[in-house]
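Notes follow once the structure below has been shown.
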Amino acid sequence: NRTPHHHLHAAQEVVGVDPLGRQRLLPREREQARDEVGRALGAIRRVPQDDDIRANIHVGGRVLPTSLTEAEQAIVDEVGAELRRRGLWFVGIDLIAERLIEINVTSPTGIQELGQQQGRLPEDDVIAWTETRVALLKDQS
C-alpha cells in the first residue's frame with residue numbers, strides 16, 4: 001500500500017530523515033561522521049567540537065584520518081556506480097555509522113583536509129583524471 005508520503009517514509013527509514021527534512025541524530029554521529037571524497041581519493045573523519053553536535057568543517061569540526069569499513073566501502077561502491085552512470089564523477093559521500101547520509105554533487109568539500117591528512121595533493125588526481133577524460137572524449141568525436 002503506497003501512500004502519497006511513501007517516499008518520505010522510505011527516506012526516513014534509510015537515512016534517518018523525517019518527513020519535514022530534519023535529520024535524526026544517530027547515536028555514534030559524534031565519533032563516526034565521515035566524508036568519502038571520491039572512491040580513489042580517500043576518506044576523512046569529521047569530529048565536532050565538544051560544545052557542538054555539528055561536525056561541519058566550516059563550523060570548527062576537526063578532521064582526522066580514517067579508512068572505510070567493509071560496509072562503508074560497499075555503500076560507496078554501489079552508490080558510486082550509480083553516480084558514474086549518471087555522469088557524476090566528483091562527489092562527496094557522507095556516511096555516519098555505516099549509513100548513507102548525504103551525497104554532495106555540487107560542492108563536495110574536504111579535499112584540502114584529505115590532502116593534509118595524506119601529505120599529498122589529491123586534487124592533482126582530479127585534474128589528471130579530468131584532462132585524461134577530456135582527451136578521450138575529443139578522440140571519440
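The values are calculated or read from the model by the stated rules, or taken from the named source; none is laboratory data. What you see is a predicted model; the values in this text were computed from it and never measured. A quick note on method: Cβ atoms are made from the backbone with ideal geometry, for glycine too, and the neighbour counts reach across all protein chains shown. When the accessible area is computed, the model is the full protein with side chains, heavy atoms only, and any ligands, DNA or RNA have been set aside. Shrake-Rupley method; radii C 1.70, N 1.55, O 1.52, S 1.80 Å.
Per-residue surface analysis assigns residue 67 an accessible area of about 80 Å², computed on protein heavy atoms at 1.4 Å probe radius. Residue 131: net charge of surrounding residues, Cβ under 15 Å, Lys/Arg +1, Asp/Glu -1, itself excluded? Once positives and negatives cancel, what remains is -2. For the pair the stretch 43-77 and the stretch 95-110, the centres of their Cα atoms are 10 angstrom apart.
For residue 42, nonlocal amide neighbours, meaning residues 5 or more places apart or on other chains whose placed amide H falls under 5 Å from its own, are 37.
Taking every protein chain into account, the 1.4 Å probe leaves residue 124 with about 80 Å² of accessible area, to the nearest ten. Sequentially through the stretch 105-111, phi angles give Karplus couplings (6.51, -1.76, 1.60; θ = phi - 60°) of 9, 9, 8, x, 10, x, 5 Hz, Gly and Pro residues having no value and appearing as x. Accessible area per residue (1.4 Å probe, heavy atoms of protein chains only) ranks 72, 98, 82 as 98, 82, 72, with the largest value leading. Among 47, 126, the order of accessible area from largest down is 126, 47, computed with a 1.4 Å probe on protein heavy atoms. Computed from point charges on the beta carbon alone (+1 for Lys and Arg, -1 for Asp and Glu), the dipole magnitude for the stretch 32-138 about its Cα centre is near 340 Debye. 3J(HN,Hα) couplings calculated from phi for the stretch 62-77 with the Karplus curve 6.51 cos²θ - 1.76 cosθ + 1.60 (θ = phi - 60°) are, in sequence order, 7, 10, 10, x, 7, 9, 7, 6, 4, 5, 5, 4, 4, 4, 4, 4 Hz; Gly and Pro show x. Two decimals is fine: what is log10 I(q)/I(0) at q = 0.28, 0.31 Å⁻¹ for the stretch 55-103, from a Debye sum with one equal scatterer on every Cα and no solvent? Evaluating at q = 0.28, 0.31 Å⁻¹ gives log10 I(q)/I(0) of -1.13, -1.20.
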